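Everything below concerns the one structure shown next.
The values are calculated or read from the model by the stated rules, or taken from the named source; none is laboratory data. Since the model is a prediction, treat every value here as computed from it, not as a measurement. Neighbour counts run over all protein chains shown; Cβ positions are idealised from the backbone, glycine included.
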Amino acid sequence: MTPEFKGFMLLSVLKMLVVFGVVLVSVALLTLLERKLSAWIQNRIGPNRAGPGGLLQPAADGLKNMLKEEVMPAKANPILFTMAPAMAFIPAMLLSGVIPFAAPWAINFDFTLPLLGRFVHQGLMPMIVADLPVGFLFVLAISSLGVYGIVIAGWSSNNKYSMLGGLRASAQMVSYELAMGLALIPVLLMSGNVSFTSIIAEQQTGMWYVLPLFLSFFVFLVSGFAETNRLPFDMPEAESELVAGYHAEYSAMKFSMFFIAEYAGMITIAAMTVTLFFGGWDIPLTAWDDAGGSSIVVAATGLAFVLKTFFFLVLFMWVRWTLPRFRYDQVMALGWKFMIELATVYIVVMALAIHVVERVLGLTNPWMIGASYTALNVVLAYLVFVVLDRGLIISGSVPRRPAAGVMEEG
Amino acid sequence: MTVVQIVFYVFAVAAVIGAIMCITQRNPIASAFWLVSVLMSLAGVFVLLQAQFIGVMQVLVYAGAIMVLFLFVIMLLDLGGKTSDRRGAPSWVLAVVVGGAITVSMAQLADYTPDQLAHEISGSTELNADVVLLEGQRLQEAIEARGVVGAIAEPLFGFYLIPFQITGLLLLTAVVGAVVLAKRRI
């Protein structure tokens with residue numbers, strides 16, 4: 001092994017430890033934030049006994065879950081029942097490694113350790129554990145594996161509620177994966193590449209993709225809610241219908257693993273939304289941060305990334321405690337009859353628009369290009385949300401026709 | 001042995017073991033999971049061959065979507081305990097004959113190159129290096145310039161457009177056939 005390779009390995013291992021640790025700690029704090037936010041929304045105080053302001057609540061919960069008795073149903077399939085939490089947990093954790101979280105950092109060192117030998121690193125270190133050339137395709141692929149954990153948990157528990165939850169999860173996640181994948185094709189058309197690093201670089205030179213690709217952003221965000229099984233799409237664990245769905249039979253740390261997976265999935269979706277549509281770690285309207293380098297730039301861009309991601313995490317929770325749950329057929333109808341069609345038509349429209357703007361009209365200024373797509377998207381958004389929708393989403397609180405089922409609280 | 005070779009053998013052995021377990025398990029759910037492990041190992045082999053796009057599509061389409069639907073159907077049918085055993089001498093002979101035939105036909109592909117494929121499709125000997133499926137150093141340069149998706153998409157939607165469309169037509173035929181067969185029973 002060359003000293004350069006050793007230096008690269010050393011930095012990679014450090015980045016892995018940091019990212020893994022940060023995600024796990026964030027998950028713990030997010031569970032507290034979720035309870036606090038729900039309390040504030042419902043005009044309560046929330047957990048406030050353990051530690052100052054309830055800050056030690058996640059630690060208390062974790063300790064409780066580790067000390068609790070693990071119960072396995074008598075007729076469960078023991079191997080799959082034990083494997084299922086890990087199969088939900090591993091894909092969720094794996095994805096945190098492929099999203100860039102700050103500007104590249106210039107690190108130079110050259111030292112020799114006893115037994116291990118010489119370590120050398122020169123130049124910029126990308127602040128991402130693995131800068132994959134397949135970029136967001138990898139995220140789509142691995143997140144599609146997360147469904148196995150849920151399905152197997154439901155099946156191996158040998159419980160009809162768990163089974164129904166598992167079946168709902170597989171149908172729902174497969175449906176919304178399609179919409180999610182289709183929503184990202186316009187991003188590929190705009191940036192010309194699927195790797196996160198190059199998508200961020202494209203957004204730094206022009207507009208963030210949220211404006212020129214607004215409908216993609218909309219479809220992606222809604223599919224993200226469905227993929228992470230968050231309300232209003234939490235059909236797999238709808239407690240008023242299925243007790244607790246796929247994790248009804250799980251207890252102690254196995255139950256916690258599903259929760260960690262859900263929150264890690266939320267972090268991934270939020271970080272991916274930020275990276276694909278909000279410029280990633282880019283600080284808007286300035287260029288001093290674009291190349292990276294000094295540790296100040298790295299800290300500032302890292303903070304920008306964390307703040308943007310945090311905004312979407314709060315949005316996830318806000319929506320959860322605001323909207324009621326869909327009925328299952330409504331979830332499927334929205335996925336198959338609205339999201340997929342919208343994403344498909346949008347691909348065609350954006351491909352035409354990109355051809356016209358960049359080949360026929362020959363615009364080269366990225367801000368002009370972005371502005372023309374934004375104008376197109378305003379028109380499209382008006383068509384989709386007002387004309388085609390006939391006011392159902394915008395004035396959604398006014399019932400047009402009596403609901404067929406009873407809406408439950410979240 | 002280089003690191004790449006070691007990683008290749010890890011994936012190759014995992015794929016072979018997974019395939020054997022897949023066809024010898026009696027529980028259909030366990031079989032499906034071993035098949036998923038085979039698909040994941042093959043994705044690893046594709047990545048080692050610098051075909052990251054194919055590798056990630058293997059996971060996305062087969063492991064992530066098709067196998068989930070398989071599991072869905074297996075769970076709905078609940079086949080446990082009702083499996084019949086057809087593993088007699090005729091099956092073994094048939095398996096060996098079919099497997100041998102496939103192995104022999106695959107062995108002939110060992111020194112088949114992308115250039116040869118391009119020659120056979122176009123019928124010409126003059127080939128533009130930018131449009132045929134790339135390998136080795138040229139593939140690396142194309143990935144640098146256009147990204148992994150671009151390096152696949154340009155030949156696929158340019159030079160190989162007709163074979164690609166015919167493959168799509170074949171899949172459409174299969175879908176229509178499946179719908180016809182399913183609808184007849186209803």
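Residues in the stretch B:154-184 that are within 14 Å of chain A (Cβ to nearest Cβ) and modelled with pLDDT of 80 or more: 1 in all.
The condition of being more than 13 Å from chain B (Cβ to nearest Cβ) and over 30 Å from A:THR197 (Cα atoms) holds for only one of A:GLY97, A:GLY117, that being A:GLY117.
Scanning the stretch A:85-109 for residues that are farther than 30 Å from A:ALA270 by Cβ and touching a helix residue (DSSP H, G or I) at 6+ places or on another chain (Cβ under 8 Å) turns up just one, A:PHE109.
In the set A:MET235, A:MET253, only one residue is crowded, with 22+ Cβ neighbours inside 10 Å and touching a residue at least 40 places away in the same chain (Cβ under 8 Å); that residue is A:MET235. Here is the figure for the stretch A:45-88: residues that are of a type in the set (Gly, Ala, Ser), crowded, with 17+ Cβ neighbours inside 10 Å and assigned to a loop (DSSP other than H, G, I, E, B) total 2. Within the stretch B:158-186, which residues are in a helix (DSSP H, G or I), closer than 22 Å to B:ILE54 by Cα and out of contact with any helix residue (DSSP H, G or I) (no Cβ under 7 Å at 6 or more places or on another chain)? The answer is B:LEU161, B:ILE162, B:GLN165, B:ILE166, B:THR167, B:GLY168, B:LEU169, B:LEU170, B:LEU171, B:LEU172. If I filter the stretch A:183-190 for residues that are within 8 Å of chain B (Cβ to nearest Cβ) and under 20 Å from A:ILE347 (Cβ atoms), do I get at least one hit? Yes: the stretch A:183-190 contains one or more residues that are within 8 Å of chain B (Cβ to nearest Cβ) and under 20 Å from A:ILE347 (Cβ atoms). If a residue has to be more than 8 Å from chain B (Cβ to nearest Cβ) and part of a helix (DSSP H, G or I) to count, how many in the stretch A:155-173 make the cut? Of the residues in the stretch A:155-173, 9 are more than 8 Å from chain B (Cβ to nearest Cβ) and part of a helix (DSSP H, G or I).
Would you confirm whether or not the stretch B:87-95 contains a residue that is not assigned by TED's automatic domain parsing to the domain that holds B:VAL149 and not in a helix (DSSP H, G or I)?
yes
For the stretch B:58-78, the criterion of being at pLDDT below 85 and more than 14 Å from chain A (Cβ to nearest Cβ) is met by none of the residues. Taking the listed residues A:THR275, A:THR301, the one that is part of a helix (DSSP H, G or I), in contact (Cβ under 8 Å) with a residue 12 or more places away in the chain, more than 30 Å from A:MET66 (Cα to Cα) and in contact with a Pro (Cβ under 8 Å, 6 or more places away or on another chain) is A:THR275, with no other qualifying.
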